[in-house]
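Notes follow once the structure below has been shown.
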Amino acid sequence: MANDEFFSEKLRVPEALTFDDVLLRPKESHIEPDEANTETRVSRNVTLTVPVLSAAMDTVTESDMAIAMARHGGLGVLHRNMTEEEMAAEIERVKRADELIIRDVVTARPDQTVREVDEMMDRRGVSGAPVVDEDDRVLGIISATDVRPYLEVGERDEVREAMTDEVITAPEDVTPREALELMYDHKIERVPVVDDDDHLVGLVTMQGILQRREYDSAARDENGRLRAGAAVGPFEEERAVTADEAGADVLFIDCAHAHNRNVIESARAIAGSVDADVVVGNIGTREAAEEIADFADGMKVGIGPGSICTTRVVTGAGMPQITAVSQVADVARQHDIPVIADGGIRYSGDAIKAIAAGADAVMLGSYFAGTDEAPGRVVTMNGKKYKQYRGMGSVGAMKSGGGERYLKDTDDEEEEFVPEGVEAATPYKGTLESELHQLVGGMQSGMGYVGAETIPEFKERAEFVRVSGAGQQESHPHDVVITDEAPNYSPDQ
Ligand code: XMP
């Protein structure tokens, strides 16, 4: 029988590849890995210093994780298993974390006694306070040092006696450098920030400026605040507007299959009603990318690659991730839209392969779920430490948030869920900073092997080779017993 007769048309199918099927072809290089610049765009208007996002999952990203991610140059995407009000508060917490100007300022009144103010400063954990009149106009500033002699001798004295009334103030557009210069010149540690009519709008402190300096590669907006991402359901326009008003920089349409007419129409409407960038996902094909290219500020790719996903086995549908990313990137490139590869990344090598396939950034869940900054507590099982990690399509997560991501109507409480994810535990890993250091360090080394100094150059220059089953075996440690765990490799990842 000839080959043509043997195969039915249905089985003339293309092959789709994933991480283990390919390796980066080493190329001549003039750059050292540490010199590789990992700056990238995550959406049309948002740039990060490292091309990494933490997943919008209730065991991965709340404000602690989002703050840590942004401080180290990436982006945390807040999950949406919380009310709109809770989400707004979480976004505000991230945006305020490293703000140059503290807006929620502890103030004193001139007619309070020094003892009252001393107690108030103690209670609120501050060592100084601007003194304001009833219209919030700045009259002076008082510090613990000003108060101390009065407490010793005449504790009933009023603040107006003890305060410094020649106050050095700064305008609202003060830069960190200008504020520091004011502080050095006048030997002070805090400067009230006032508007044109001398009304207090905030406070800049020496401690705040020095803390910001520690994170010199943080992902910040044009006002110096940390970047924040937030997930919204495909039909949650109200949540999108609330998150936008709370200051989110990027909204992520959170859907397991965004190539769906209703989802696309709704995402388009959301994009039209917010200032934030809107990343649309998840998709995994060229056709889906074409459908959203006219309004999406970013495209997120991943149909079933996630470590806790059962989508492919439950539904029989999916797209191996390297092929999915490269198909979407083919279209996104023509429209200058960034691409995010979401899910399935176990090692730094997978992350840089996703970028080689055409992604501008990668999103990870399991890699970060075991860190201190992820929600949830550490549990010990058989002497080893773990943290909980569950799919957003697992029964537990859907019960606490709903199945909208999977386009399921879950209003009917009697109805049983058809989950597309599992609930699991992941080894406890310590700080996010050290995990991210390993991840980004490995990615930079990958850039070194290909000889590319920047992410755009790497995307251009990287080439893949196909790997056989034998090649895959050769890639991992073999014929040895590992005696000491490496910080960036575990055989059962
Ligand atoms: P990793 O592999 O980094 O994947 O742990 C995280 C990504 O997986 C997606 N996700 C799910 N996919 N069922 C799925 O099919 C689920 O229950 C589920 N929960 C999360 C999501 O895109 C995430 O960023």
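Multiplying the residue separation of Glu457 and Glu134 by 0.36 nm and removing their Cα-Cα distance gives an extension gain of 110.5 nm. When its C-alpha radius of gyration is set against 2.2 N^0.38 Å (N residues), segment 114-206 gives a value of 1.09. For segment 114-206, the relative contact order is 25 percent, taking Cα pairs closer than 8 Å that sit 6 or more residues apart in sequence and dividing their mean separation by the residue count. Of interest is the spacing of the C-alpha centroids, which for segment 423-493 and segment 3-35 amounts to 18 Å. Residues in segment 194-209 carry Karplus couplings, in order, of 10, 8, 4, 9, 6, 6, 5, 10, x, 8, 10, 10, 4, 4, x, 5 Hz; the curve used is 6.51 cos²θ - 1.76 cosθ + 1.60 with θ = phi - 60°, and Gly or Pro positions show x. With contacts taken as Cα pairs under 8 Å at a separation of at least 6 residues, segment 340-493 carries a relative contact order of 26 percent.
In the chain, helical runs assigned H by DSSP with n ≥ 4 each contribute -39500 (n - 2.57); averaged across all residues and rounded to the nearest 500, the mean residue ellipticity at 222 nm is -10000 deg cm²/dmol.
Is the shape of segment 277-426 rounded, prolate or oblate, going by the alpha carbon gyration tensor and its root eigenvalues a ≥ b ≥ c, with a/c under 1.5 for rounded and a/b larger than b/c for prolate?
In terms of gyration-tensor shape, oblate.
Three principal axis extents of the chain based on alpha-carbon atoms, in descending order, are 107, 56, 51 Å. The fraction of accessible area contributed by carbon and sulfur in the chain is 45 percent, rounded to a whole number (1.4 Å probe; ligands and nucleic acids excluded).
Axis of helix 261-273 versus longest Cα principal axis of the chain: the two differ by about 20°, to the nearest ten degrees. With protein chains left intact and a 1.4 Å probe, residues in the chain average 50 Å² of accessible area per residue.
In sequence order, segment 161-173 has phi-based couplings of 6, 8, 6, 8, 9, 8, 8, 8, 10, 10, x, 5, 9 Hz under the Karplus curve 6.51 cos²θ - 1.76 cosθ + 1.60, θ = phi - 60°, and Gly or Pro positions carry x.
For GluC sites (Glu not before Pro), the sites in segment 39-123 that DSSP calls loop and that have at most 16 other Cβ atoms within 10 Å are Glu39. The Ala16 and Glu265 beta-carbon pair, evaluated with R₀ = 22 Å, returns a calculated FRET efficiency of approximately 0.20. With viscosity 1.567 mPa s and temperature 4 °C, the Kirkwood radius over alpha carbon pairs of segment 10-169 converts through Stokes-Einstein to a diffusion coefficient of 61 µm²/s. When each of the peptides 360-368, 160-168 is scored by the mean number of other C-beta atoms lying within 10 Å of its residues, the order from highest to lowest reads 360-368, 160-168. Within the chain, DSSP assigns beta bridges of which about 50% are antiparallel (rounded to the nearest 5).
Normalising by the residue count of segment 268-391, find the relative contact order in percent from Cα pairs under 8 Å and 6+ residues apart.
20
I'd like the orientation of helix 176-186 relative to the chain: the angle between its Cα long axis and the longest Cα principal axis, in ° from 0 to 90, rounded to 10. The angle comes out near 20 degrees. Taking amide H as placed 1.01 Å from N in the peptide plane, Ile337 has no amide H partner under 5 Å among residues 5 or more places away or on another chain. Using θ = phi - 60° in the Karplus curve 6.51 cos²θ - 1.76 cosθ + 1.60, the 3J(HN,Hα) couplings for segment 111-128 round to 8, 6, 7, 4, 5, 4, 5, 4, 5, 5, 5, 4, 4, 8, x, 10, 10, x Hz; x is entered for Gly and Pro.
Could you state, as a whole-number percent, how many of the C-alpha pairs of segment 166-206 are farther apart than 17 Å?
The proportion of pairs with Cα distances above 17 Å equals 19 percent.
Run the numbers for Asp479 and Glu32: contour at 0.36 nm per residue of separation, minus the present Cα-Cα distance, in nm. In short, 157.8 nm is gained. Spherically averaged projected area of the convex hull of Cα atoms, segment 362-406: 4.2 nm².
Annotation for segment 281-348 versus segment 93-143: alpha-carbon center distance of 49 Å. Here the gap between Asp157 and Ala486, fully extended at 0.36 nm per residue and compared with their Cα-Cα distance, gives a gain of 112.1 nm. For the chain, the number of Lys pairs separated by eight or more positions or lying on different chains, with C-alpha atoms closer than 22 Å, is 11. Site pair Val106 and Asp173 shows an inter-label distance of 3.3 nm when each label is modelled 7 Å from Cα along Cα→Cβ.
The values are calculated or read from the model by the stated rules, or taken from the named source; none is laboratory data. Because the structure is a prediction, the values reported are computed rather than measured. Here Cβ is always computed from backbone atoms with ideal geometry, including for glycine, and neighbour counts include all displayed protein chains. Note: accessible area is taken over every heavy atom of the protein model, side chains too, but ligands, DNA and RNA are not part of it. Shrake-Rupley method; radii C 1.70, N 1.55, O 1.52, S 1.80 Å.
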